[in-house]
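Notes to accompany the following structure.
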């Protein structure tokens, strides 16, 4: 029987011990003596969040298909266990073998959101691995970062030996082969990093020097090692049907956020919303083949026993085979007690028909993401959804029996005026009015319009990467403007308004566009006890403010400046396909309120065609 | 057609709580392709009911749940298919048909359960004389926590049997909806009675079997009420 890293006493003392024991259906056990490379794959948040992430399941499966690699999982111990592990000096361990992470060859950490950065330090600390890459010895694992935040890795650059920039399916084999080759030749850690630095998509931070201007902006960013490339090209899978997919994903014992089969139908998005980082960095849009998807769906439902399946993509309505896959899932699995969880779809006859088949109309709600209240603002952000489309969609749904609608908006967008803010509750009210146009005897009681706002955060590799943010007080003020205006609406009793926290927004803004110097704030915040910052009950803004003060770091420098056209950004050394000149053109068009057509309507020469695949070549072969 | 499944839960699976064990078996039914019946309605769920949920931290050789089948499957095939879908620490022991009437299923028929209390460390020693003098009390009063309050109850009538098995303490106690006695509570009062400094957390607890009572008063393991389904 497997021996666990934690004693019976500890496991019975902590909340949800199932987070730490492994043994799940489809988890992979191997003989550690028979593999060459041991890879610990980490999501730096609690188990239930980490286990819901598709990317790790893809890489876990891909690595374990290799006979010479054993990939295991590790997540952040929750605060109760964190405390015990520190007190008793128990090293952090991997779920499968229960062996300490420090004995592994690699520790790969996925970077999904900025507010998990202190948890990266927790993972390293509990693993007893030196926090700074420069302090690590030949015995320590190679620490790799990857995932969406790796397009600006600078705030955490000092803590990583290397970053894999882009989609994992393309270069990991080369990296693992380089590791084996280096070990065969008796090479050192540095020798390996030099070999890795030559591989496409791999960035080794210690081989680069950042120099700053007197005003604090970046002056230059150049390699200091002959093996390092000047530009790191973000990796992209060209043909989605030629890569592996985890048909036997790990099935957790405890309920996790995403407790279902997830079928990824495409990558990328044709829409080009100017605030959306995913919509820019995952270009070009690449679809999977319908027959492949059908095969995956059956295999995954069989191998997991899950009772639900959902589709994953950035914008499922744009998937050419949407009708085919949804119809297949309903016909094939609905009768077998499998729930089909639909992504938010553009409302039309087809989507209303399938929704009424798979959801209980009385309980389910419709979701729209207009993102901005006024048409002017929607033009600025290039969100192609108009008021007419929303009201028409909502109207059709209301007539079909629905009476709940959710609307998502952003506040603090570039050029936003008070009028734009007030248009948010007004739009919600118009949706409610549309409902009450239906004769009383044909509608289903009152309607419920829930609208939420999050605060906009400019992200690297988007047209808004030049934009300024606002202070915390200003964000709160804007939410109040919306709230006040809501109270003026005719149907205010059918409206409900939720808004997000403002303090986390400011921090996320700093680290999204931060440079290497911001790493000292992270370290200081961690030392002051910040952890699980994306959990509102754990988040402690006072400690963060203290960390900025202790390190003499000016928040406003990172958040309040509108950047100039010439400014060199900390992430400019990464080539993400979309060019800086395209992004700047889009920034200028935004300022003029000009809409840019989507990829299928007209190519805007964004630069992603360099990957030679996907939507750029649709219908051209 | 109703079927009763007996399973063992051991090793690291003792850390999986009852609700998660239910979820685990729902998924296992699909993986094993057991022809289980569903409820009607908009969100159908499997017809499945568990007897006497086992607490987190306990292992067991005799856990049970009942299901409704929409078509027959042989006992042999069902056990094999289920075991192919199990993880380490879960093993299906039997799959038998039970009578269709309502009173044959669920908690209602449970009467008693056997447990072993196993000392975690060496040197925690008891004798059969210790147990005999403990059981010779006419009343064993313990504070029982309920959701709203705590009240003093006499657990003596619920302890059917206690004896040493090597260094482990074997006990047969009342179980089910009428009276349900946890072995931890028995050990706690035993330690108190014997003036020992150990606590009930110094033991592992293992359930051996769940019983129903026959009309003649005899106890019978729950799967003894069923019959093998032939292929």
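FYI, it's all coordinate maths here, none of it is from the lab. The shown structure was predicted, so the numbers you read here are calculated from the model rather than taken from an experiment. Note that we place each Cβ from the backbone using ideal geometry, even for glycine, and neighbour counts take in every protein chain shown.
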Quiz item: Whole number please: convex hull volume per residue of the Cα set in the stretch B:110-213, in Å³?
Solution: 107
Quiz item: Taking a temperature of 10 °C and a viscosity of 1.306 mPa s, what whole-number D in µm²/s does Stokes-Einstein yield for chain B with Rh from Kirkwood over alpha carbon pairs?
Solution: 83
Self-check item: P(r) histogram, all alpha-carbon pairs of the stretch B:2-107 included - 5 Å bins from 0, percent
Solution: 2, 12, 24, 27, 19, 11, 4, 0
Self-check item: Relative pair counts by distance (%), Cα atoms of the stretch A:238-301, 10 Å bins
Solution: 19, 38, 33, 10
Quiz item: Given only helices, namely DSSP H runs of n ≥ 4 each adding -39500 (n - 2.57), what is the per-residue ellipticity at 222 nm of chain B, to the nearest 500 deg cm²/dmol?
Solution: -5500 deg cm²/dmol
Quiz item: Taking the alpha-carbon centroid of each part, what is the distance from the stretch A:14-43 to the stretch A:95-135 in angstrom?
Solution: 15
Exercise. Enter the angle in degrees (range 0 to 90, nearest 10) between the Cα long axis of helix A:472-487 and the first principal axis of the Cα atoms of chain A, meaning the one along which they spread out most.
Key: 30
Quiz prompt | Cα-based convex hull, the stretch A:182-287, per residue volume (Å³, whole number) | solution = 238
Practice problem: Using only the alpha carbon atoms of the stretch A:8-233, find the Kirkwood hydrodynamic radius as the inverse mean reciprocal pair distance, in angstroms to one decimal. | Solution: 18.2
Quiz prompt | Cα principal axis extents for chain A, largest first, Å | solution = 78, 63, 58
Quiz item: What share of all Cα pairs of the stretch A:316-382, in percent, falls into each consecutive 10 Å distance bin?
Solution: 17, 43, 26, 11, 3
Quiz item: For B:58, A:345, what ranking results if the residue with the fewest other Cβ atoms within 10 Å of its Cβ goes first?
Solution: B:58, A:345
Self-check item: FRET E, pair residue A:452, residue A:239, Förster distance 35 Å, beta-carbon r, rounded to 0.05
Solution: 0.40
Quiz prompt | Whole-angstrom gap from the stretch B:198-225 to the stretch A:233-302, using each part's C-alpha centre | solution = 49
Quiz item: What ranking do A:544, A:535, A:499 get, fewest neighbouring Cβ atoms within 10 angstrom at the top?
Solution: A:535, A:499, A:544
Quiz item: If you count, for every residue in A:5-15, the Cβ atoms of partner chains within 10 Å of its Cβ, what is the mean?
Solution: 2
Quiz item: In which sequence would A:473, A:173, A:533, A:441 go, from the one with the fewest C-beta neighbours within 10 Å to the one with the most?
Solution: A:441, A:473, A:173, A:533
